[in-house]
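First comes the structure, then the notes that go with it.
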Amino acid sequence: MVAGGAQMLDFNGTFNIGHRNQIAMRKVFCKVGVVVSKEEIGGMSSRTMKIDVDCGRVQLSTSGGPEHEMLANSKTIGASDVH
């Protein structure tokens, strides 16, 4: 599971750091054979991820919003990706 890659503090998309980080992550993961089962990336909001290493539960919140559990069976895209 991966989360992040938001367009932070670059509202005009001048630097595209979030998108560039997503591309770099995909290249590295592909090179080392990591399969991503779930992603919540992109958009304009920061995220906080909490991982319970005892049971593998992953909780995610976006910009101080309520936490939700990341389940490996679906893909969530950033708000800016929804048309």
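Assorted remarks:
- Here the chain is treated with +1 on each Lys and Arg Cβ and -1 on each Asp and Glu Cβ, and its dipole about the Cα centre works out to around 340 debye.
- Bridge type composition, the chain - antiparallel percent by DSSP, nearest 5: 60 percent
- Ranking of 53, 2 by count of other Cβ atoms within 10 Å, fewest first: 53, 2
- Backbone amide hydrogens, once placed in the peptide plane, bring residue 40 within less than 5 Å of 2, 3, 4, excluding anything fewer than 5 places away on its chain.
- Listed residue (28, 68, 1) projecting farthest to the positive dipole end of the chain, Cβ model: 28
- A Förster distance of 25 Å, applied to the separation of the beta-carbon atoms of residue 15 and residue 49, puts the FRET efficiency at 0.60.
- In sequence order, the stretch 40-48 has phi-based couplings of 9, 9, x, x, 10, 10, 6, 10, 10 Hz under the Karplus curve 6.51 cos²θ - 1.76 cosθ + 1.60, θ = phi - 60°, and Gly or Pro positions carry x.
Every number in this text was worked out from the coordinates using simple rules, so none of it is lab data. Model, not experiment: these values are computed from the prediction. Positions of Cβ are backbone-derived with ideal geometry, glycine not excepted, and every protein chain shown enters the neighbour counts.
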